[in-house]
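J.: Below is a structure I'd like to ask you about.
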Amino acid sequence: MAPPRAQRTMLVVAGDAPPTGGARFAAPPPERDHTQDLPDEILSLVFASLTPTDRNACSLTCARWKEVDASTRHRLSLDARAALGYAAQGIFARFTAVTKLALRCARGSGTDSLSDDGARQVATALPSARLARLKLRGLRQLSDDGLASLAGATPAIRKLSVASCSFGPKAFVAVLRSCPLLEDLSVKRLRGLPDTAGATTAITEEILFPPASSLRSVCLKDLYSALCFVPLVASSPNLRSLKILRCSGSWDLPLEVIAARVPGLVELHLEKLQVGDRGLSAVSACANLEVLFLVKTPECTDAGIISVAEKCHKLRKLHIDGWRTNRIGDHGLMAVARGCPDLQELVLIGVNPTVQSLRMLGEHCRSLERLALCGCETVGDPEIICLAERCAALKKLCIKGCPVSDRGMGALNGGCPSLVKVKLKRCRGVSYECIENLKVVRGGSFSISLDIVLERDAGGAIENGGQEAGQVQITELTDQMAAMDLPTNATNAQSSAQASSRMRSVMSALRRRFGNPPAL
């Protein structure tokens, strides 16, 4: 009997026809994983460019990638529930290069957030010598003692941000004592503050904050008793930036205390505060002030703006949201023009300037590069023509909800030689023909956009925010409207008949605004 032939295996890929003629092919060897040739330094640079979710997924690819990710990850965000204290030792033993740490707890976690005992366990595991930034969010079970434990374990932090926590202002005494390098402090929506809203005596509360000579920036936001932090701000002689946003209480007297002890302020943001001309007069003592934001402070008038303009000659950015109170106008802006020649950015919302003040701004503020006029009822064609003639350095112009027309915008054809970008919104008097003409005349480097606004009978103010590359046709607008969600009834679902009627109203508004669509 003849000996049996040797058996040879053959790999047949699904969908391929079997080989003919008796020819047999062995499976090719697997391709080499060239990522294994990458040095750890290159791999870490790749990881640094990924989002946290993608980086987490990559760390599970293999043991080497997991090790490289852990040894080079600088940012870490943890779910700060009660069990974090038990896992902290293992977490920070793995991630040894963390410099920025965020401890967050979801709003619905209730009592399951990190407590004082858990904070002490986390503090013992933290990389105290390297941690430079710490962010705490929603830690409702953390008290003053818990924050003191975390602060004591992070003496090198330079930035601390807390929000929606339950500790009070006394906890920051321990922070300032334990963190001598702290430069940036942000405090938002604290629950443990005493109820002293509106009391001017709150600024002399018996909380002895240590001097914070390294502190450069402080932000207080959505605090019903932010006046408790006035002594902290006043004890920071080198403070450069101060933001007080939507905080209750009277702020005229506190601003006097702050300006007297912190005269080196460079940036000041005041939003939705009870502050008037007395407070602005106190701010004028900060001769180095360069940035001033006044947002919805209805008690401020021209007199306060004049006092700032007369003493703060280094002002570069000025934002005023007048809330349509008509208490800040030409007189204040003319004082700014005379006293702040280095002004580069001016934003006016709900303020009504005229040619008189805009002419002076153009003549005196030769460095004015960015100008925004929003909801200014007095800004029409004469004002835009004035800007075109006077503002030679203007680069960016935003006009929103102002009664301007093609006549005023046409002046930009030959004016403002440095202008590179214009944004128009809710300006019904400006046509797309004017926009296209501006694009052609000013050349390819010039950018201009015009947002579309429909009539009120088309279901409300529905806006199309896309930039128009060419002449807009009615047929294109119809396609865009078909993809938009029209307002629905608040109580019942809108029927198809109502939707059809609303669409007819929309089309009627389009025809009234732009004319009939061209024939196809």
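The values are calculated or read from the model by the stated rules, or taken from the named source; none is laboratory data. Since we're looking at a predicted model, the values are computed, not measured. When we count neighbours, we look across all protein chains shown, and the Cβ atoms used for this are built from the backbone with ideal geometry, even at glycine. Only protein heavy atoms, including side chains, enter the accessible area calculation; ligands, DNA and RNA are left aside. Shrake-Rupley method; radii C 1.70, N 1.55, O 1.52, S 1.80 Å.
J.: Which numbered condition in (1) open to solvent by 20 Å² or more (accessible area, probe 1.4 Å); (2) at negative phi; (3) out of contact with any Asp or Glu (no Cβ under 9 Å at 6 or more places or on another chain) is the only one that K272 fails?
T.: (2)
J.: For the list (1) surrounded by fewer than 22 Cβ atoms within 10 Å (Cβ to Cβ); (2) in contact (Cβ under 8 Å) with a residue 40 or more places away in the chain; (3) not acidic (D, E), I need the number of the one condition that K296 fails.
T.: (2)
J.: Looking only at the stretch 121-143, which residues are in contact with an Asp or Glu (Cβ under 9 Å, 6 or more places away or on another chain) and outside any loop (DSSP other than H, G, I, E, B)?
T.: R133
J.: In this structure, is A57 more than 21 Å from K135 (Cβ to Cβ) and either part of a helix (DSSP H, G or I) or of a type in the set (D, E) (or both)? It would help to see each step written out before you state the result.
T.: Details: more than 21 Å from K135 (Cβ to Cβ): yes; either part of a helix (DSSP H, G or I) or of a type in the set (D, E) (or both): yes.
Yes: the conditions hold for A57.
J.: Does the stretch 101-116 hold any residues that are open to solvent by 40 Å² or more (accessible area, probe 1.4 Å) and either of a type in the set (D, E, K, R) or in a strand (DSSP E or B) (or both), and which are they?
T.: R104, R107, D112
J.: Give the stretch 67-78 a look and list any residue that's open to solvent by less than 40 Å² (accessible area, probe 1.4 Å) and out of contact with any Asp or Glu (no Cβ under 6 Å at 6 or more places or on another chain), or say none.
T.: D69, A70, T72, R73, L76, L78, listed by residue number.
J.: Scan (1) in contact with a helix residue (DSSP H, G or I) (Cβ under 8 Å, 6 or more places away or on another chain); (2) open to solvent by less than 50 Å² (accessible area, probe 1.4 Å); (3) modelled with pLDDT of 90 or more for the single condition R81 breaks and write down its number.
T.: The failed condition is (2).
J.: Another one. Any idea which of (1) closer than 25 Å to S161 by Cβ; (2) at pLDDT below 90 is the one A88 doesn't satisfy?
T.: Against the list (1) closer than 25 Å to S161 by Cβ; (2) at pLDDT below 90, A88 comes up short only on (2).
J.: Regarding A285, is this residue more than 30 Å from L190 (Cα to Cα), over 27 Å from the mean Cα position of the chain (by Cα) and of a type in the set (A, V, I, L, M, F, W, C)?
T.: Judged against the criteria, A285 is a match.
J.: While we're here: Assess whether L45 counts as being farther than 29 Å from S113 by Cβ and surrounded by fewer than 13 Cβ atoms within 10 Å (Cβ to Cβ).
T.: Working: farther than 29 Å from S113 by Cβ: yes; surrounded by fewer than 13 Cβ atoms within 10 Å (Cβ to Cβ): yes.
Yes.
J.: Out of the residues in the stretch 421-431 that are touching a Lys or Arg at 6+ places or on another chain (Cβ under 9 Å) and either farther than 20 Å from G443 by Cα or outside any strand (DSSP E or B) (or both), which is least open to solvent (accessible area, probe 1.4 Å)?
T.: Start the filter on the stretch 421-431 by keeping residues that are touching a Lys or Arg at 6+ places or on another chain (Cβ under 9 Å), which leaves 421-429.
In the following step, the residues that additionally are either farther than 20 Å from G443 by Cα or outside any strand (DSSP E or B) (or both) were identified as 425-429.
Details: K425: 46, R426: 97, C427: 6, R428: 120, G429: 39 Å².
Ranking the candidates gives C427 first.
J.: Taking the stretch 432-451, which residues are touching an Asp or Glu at 6+ places or on another chain (Cβ under 6 Å) and assigned to a loop (DSSP other than H, G, I, E, B)?
T.: The answer is D451, and nothing else.
J.: Out of the residues in the stretch 176-194 that are open to solvent by less than 30 Å² (accessible area, probe 1.4 Å) and part of a strand (DSSP E or B), state the one that is nearest to A151 (Cα to Cα).
T.: Of everything passing the filter in the stretch 176-194, L185 is nearest to A151 (Cα to Cα).
J.: Taking only the stretch 117-172 into account, find how many residues are over 20 Å from L76 (Cα atoms) and open to solvent by 10 Å² or more (accessible area, probe 1.4 Å).
T.: The qualifying residues number 9.
J.: Go through the stretch 95-116 and give me each residue that's at pLDDT below 90 and of a type outside the set (A, V, I, L, M, F, W, C).
T.: Those that are at pLDDT below 90 and of a type outside the set (A, V, I, L, M, F, W, C): T96, R107, G108, S109, G110, T111, D112, S113.
Rundown of residues vs (1) touching a residue at least 60 places away in the same chain (Cβ under 8 Å); (2) over 26 Å from the mean Cα position of the chain (by Cα); (3) crowded, with 21+ Cβ neighbours inside 10 Å; (4) closer than 22 Å to R316 by Cβ, yes/no style:
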{"site": "H364", "(1), (2), (3), (4)": "no, yes, no, yes"}
{"site": "R370", "(1), (2), (3), (4)": "no, no, no, yes"}
{"site": "C374", "(1), (2), (3), (4)": "no, no, no, yes"}
{"site": "G380", "(1), (2), (3), (4)": "no, yes, no, no"}
{"site": "E383", "(1), (2), (3), (4)": "no, yes, yes, no"}
{"site": "A392", "(1), (2), (3), (4)": "no, yes, no, yes"}
{"site": "C398", "(1), (2), (3), (4)": "no, no, no, yes"}
{"site": "G414", "(1), (2), (3), (4)": "no, yes, no, no"}
{"site": "L419", "(1), (2), (3), (4)": "no, no, yes, yes"}
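J.: Identify, please: which residue in the stretch 218-239 is closer than 16 Å to R158 by Cα and surrounded by fewer than 18 Cβ atoms within 10 Å (Cβ to Cβ) and is, among those, farthest from the chain's Cα centre (by Cα)?
T.: Applying the filter and picking the extreme gives N238.
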